[in-house]
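Single-structure report; data block below.
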Amino acid sequence: MSEAQSNIIADTDKVDLEAEFKSSNIQEVLDKLDRELIGLVPVKTRIREIAALLLVDRLRKQFALTSETPTLHMCFTGNPGTGKTTVAMRMGEILKRLGYVREGHLVTVTRDDLVGQYIGHTAPKTKEVIKKAMGGVLFIDEAYYLYKPENERDYGQESIEILLQVMENNRDDLVVILAGYKDKMDRFFQSNPGMRSRIAHHIDFPDYRPEELLAIAKLMLAAQNYHFSADAEKAFTEYLTLRMKMEHFSNARSVRNALDRARLRQANRLFGRRGRPLTKDDLMTLEAEDVLASRVFSEGRLDRDPG
Amino acid sequence: MMTNTGNRLTQGQFSFLPELTDAQITAQIKWALQHSWAVSVEYTDDPHPRNTYWEMFGNPMFDLKDPAGILMEINNCRKTFPNHYIRVTAFNSTRGTESPAMSYIVNRPKKEPGFGVVRQEVDGRNIRYTIHSYATDKPEGERY
């Protein structure tokens, strides 16, 4: 307490937001976010706002302007493969840089990790997970599974109640992020109004546009030291337009799977013409034929579909 | 001569120091977690030094990153057993066994009656000495 008091500066003094901003390395984190996550404008805007709030809060503290610690519990909704988990993982690091959480690690759980199998099993299980997540971020994937309205004796409710209590009382110790598909999460919140009110940030992850998906594909390939040839890029754009119209399209995840299959075909192609020496570039390049061999083109259905 | 005025139980680390504050306990837990030791909370109302195995308050906590969770358990235990001895033990598993690496008392009864010497006459003129905690004259649960 005495230390905090000695840091208080006079009312007439001025503080430098710019200097504080620079010293926190937040720009670096935000730049990294811009670089590595394509699209997701609403998400990035919200993260920027949170960063600004925490920074301003820090300055306010210098004038002894106390305000309650903001609640940063979040809910990520969006279709499959829109980057909810990826952003949650970044969230830990970002909040640590901003000094909001102490460790910044991410604990990912689903219903299985929180809800027990018999009476008296749920509370210790949930508490153990919460203790592990303290100082960091607790990410509950497919959070709507926690509540099963069709079974009134389901233990999920008990888990939700413990979570609510911790979200309220241990606000300084952990940040809870719920994630799930939009419609199912809406239903979940309807039956748990307490949960909705305790979560300040509801962020909706939009679907990616085709050009964003292409950029993601290039980024994924670059990370694995591959690249498209000019023709392959054109073919992949075509592939995306076809694939997006088909069912079970899950955005970036579908892109990753498509790339994995293209890599298989590339390896097979290189194997087929063995005897000739290969350059480094040969090993790195995905050609149009690697993409075009997909069944999405020939039959209009997925490779993995049976028959 | 009384060497330990106030009959304070001196077992484990820091027991000759004044009571640890929560901030100090947090710092000690932090040290344990940095070494990836598992931390457990235990309680007893039998302060005899040979009483090695105290009751466990929940399972030992593995894979924690932050002391806040353990402090929460300590405070739960204090609430449940305000007049018991509570200690925090950190276990080091690098040698293949969970061997205690740290152990210190974080809660003690308000009044500690201390220990008395018991003399037992045995064969010949021999005397055997042992110590006996006054608190354990009463049954378990009513001692403090």
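A short reminder: the numbers here are calculations on the coordinates, not readings from a lab. None of these values were measured; they are calculated from a predicted model. Methodologically, a virtual Cβ is constructed for each residue, glycine included, from the backbone with ideal geometry; neighbour enumeration extends over all protein chains shown.
Name the shape class, rounded, prolate or oblate, that the alpha-carbon gyration tensor gives for the stretch B:1-65, where a ≥ b ≥ c are the square roots of its eigenvalues, rounded holds for a/c under 1.5, and otherwise prolate holds if a/b is larger than b/c and oblate otherwise.
Verdict is oblate for the stretch B:1-65.
Over the stretch B:1-60, Cα pairs under 8 Å with separation of 6+ residues give a relative contact order of 25 percent.
Legend: residue pairs A:22/A:132; A:22/A:44; A:96/A:182, Cα-Cα distance threshold 23 Å; pairs beyond threshold, A:22/A:132; A:96/A:182.
Taking the C-alpha atoms only, the angle from helix A:26-36 to the longest principal axis of chain A is near 20 degrees. Computed from Cα positions, the angle between helix B:68-80 and the longest principal axis of chain B comes to roughly 40 degrees. The stretch between residue A:11 and residue A:297 holds 96.1 nm of extra length on full extension. This uses 0.36 nm per residue minus the Cα-Cα distance.
Within the set of other residues whose C-beta is less than 13 Å from the C-beta of residue A:125, count the net charge using Lys and Arg as +1 and Asp and Glu as -1.
0
Among the listed pairs A:32/A:234; A:125/A:184; A:32/A:61; A:14/B:65, those with a Cα-Cα distance over 30 Å are A:14/B:65. Compute the relative contact order of the stretch B:40-123 as a whole-number percentage, counting only Cα pairs closer than 8 Å that sit 6 or more residues apart in sequence. Answer for the stretch B:40-123 is 27 percent.
Of all trypsin sites (Lys or Arg not before Pro) in the stretch B:75-117, which ones are in loop regions per DSSP and have a Cβ with at most 15 other Cβ atoms within 10 Å? Let's see the in-between values first.
On the way: sites: B:78, B:79, B:87, B:95, B:110, B:111; in loops: B:95, B:110, B:111.
Here the trypsin sites (Lys or Arg not before Pro) that fit, given the DSSP loop and packing criteria, are B:95, B:110, B:111.
Working from label points 7 Å from Cα in the Cα-to-Cβ sense, the residue B:119 to residue A:222 distance is 8.7 nm. Return the loop-located trypsin sites (Lys or Arg not before Pro) in the stretch A:63-157 (DSSP other than H, G, I, E, B) with at most 14 other Cβ atoms within 10 Å of their own Cβ; answer none if there are none. The qualifying sites are A:153.
A Förster radius of 41 Å combined with the Cβ-Cβ distance from residue B:51 to residue A:86 puts the calculated FRET efficiency at roughly 0.20.
What does the charge count near residue A:52 come to, summing +1 for each Lys or Arg and -1 for each Asp or Glu among other residues with Cβ under 12 Å from its Cβ?
Around residue A:52, the surrounding residues sum to 0.
What the Cβ-Cβ distance of residue A:151 and residue B:79 gives, at R0 = 51 Å and to the nearest 0.05, is a FRET efficiency of 0.95.
DSSP bridge analysis restricted to the protein assembly as shown gives an antiparallel fraction near 55%, rounded to the nearest 5. Would you mind classifying chain A by shape? Square roots of the alpha carbon gyration tensor eigenvalues, ordered a ≥ b ≥ c; an a/c under 1.5 is rounded, otherwise it is prolate if a/b is larger than b/c and oblate if not. Oblate, because a/c is 1.5 or more while a/b does not exceed b/c.
Remark: the Cα gyration tensor places the stretch A:1-124 in the oblate category, a/c being 1.5 or greater and a/b not exceeding b/c. Remark: relative contact order (the stretch A:112-160) = 41 percent; criterion is Cα-Cα distance under 8 angstrom and separation of 6 or more residues.
Peptide A:136-142 is shielded by partner chain Cβ atoms: per residue, an average of 0 of them sit within 10 Å of its Cβ. Think of each Lys and Arg Cβ as +1 and each Asp and Glu Cβ as -1; about the Cα centre, that makes the dipole of the protein assembly as shown roughly 680 debye.
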